[in-house]
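Below you will find the structure I want to go over with you.
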Amino acid sequence: MKNEQYVMELVLFKLKEGTDKDSFHKAAAELSDALQTQLPGFKERQLLHTSDETQWTDIVYWSDMQMAVAAMEKLKSVPAFQTFASMIDSKDIHLLHLIPVNLET
């Protein structure tokens, strides 16, 4: 995304204890589909985890801050998000919206 305007949403979280990983992976894929089809401004998504799958990172790229903030509100009513979020430990979530710095001189 070099030389392109965007906002990166970075979410660090842990799953609820006892969450079935296959079910979570399916929910994550369904959420990716919903992001692509239902939320304007969505660009790309990556979901990552540590080798022991205890810590997860969701990286979502939005066209701008306005779209990122609007998406957060709209997601509350998207069933795929509700399913995905129901598997996350709500006591251990960290969310940041990051704006890139142009380092070219």
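What follows draws every value from the coordinates through simple rules; no lab data is involved. For clarity, every value in this text was computed on a predicted model and none was experimentally measured. Cβ: placed from backbone, ideal geometry, glycine included. Neighbour counts: every protein chain shown.
Taking amide hydrogens as modeled 1.01 Å from N in the peptide plane, which residues meet the under 5 Å criterion relative to MET87, leaving out close sequence neighbours?
Sorted by chain and number, the residues that satisfy this come to none at all.
Starting from the Kirkwood Rh over alpha-carbon pairs, what translational D in µm² s⁻¹ does segment 21-77 have by Stokes-Einstein at 20 °C and 1.002 mPa s?
Once the numbers are plugged in, D ends up at 175 µm²/s.
Do you know the relative contact order of segment 13-94, to the nearest whole percent, from alpha carbon pairs under 8 angstrom that are 6+ apart?
On the way: 86 pairs, mean separation 35.2, N = 82.
Contact order relative to length: 43 percent.
For segment 8-66, which GluC sites (Glu not before Pro) pass both filters: DSSP loop (anything but H, G, I, E, B) and at most 12 other C-beta atoms within 10 Å? Write down the numbers at each step before the final one.
Numbers: sites: GLU9, GLU17, GLU30, GLU44, GLU53; in loops: GLU17, GLU53.
Those satisfying the criteria are GLU17, GLU53.
While we're looking at this one, here's another question. Based on Cβ point charges of +1 for Lys and Arg and -1 for Asp and Glu, what charge dipole magnitude is obtained for segment 13-94 about its Cα centre, in debye rounded to the nearest 20?
Numbers: 9 positive and 13 negative charges, 44 e Å.
In total the dipole reaches around 220 debye.
Report, to the nearest 10°, how far helix 21-38 tilts away from the longest principal axis of the Cα atoms in the chain, using its own Cα long axis and a range of 0 to 90°.
For helix 21-38, the angle is close to 40 degrees.
Calculate one ³J(HN,Hα) per residue across segment 41-54 by plugging θ = phi - 60° into the Karplus curve 6.51 cos²θ - 1.76 cosθ + 1.60, and present them in order as whole Hz with x for glycine and proline.
x, 5, 10, 6, 9, 9, 10, 10, 8, 6, 4, 8, 6, 8
How far is it, in nm, from the label point at GLN66 to the one at HIS94 when both lie 7 Å from their Cα along the line to the Cβ?
Label-label distance for GLN66 and HIS94, simple model: 3.1 nm.
Also: Provide the per-residue ³J(HN,Hα) series for segment 78-83, in order, calculated from phi with Karplus coefficients 6.51, -1.76, 1.60 and θ = phi - 60°, each as a whole number of Hz, with x at glycine and proline positions.
3J(HN,Hα) across segment 78-83, in whole Hz: 8, x, 4, 6, 4, 5.
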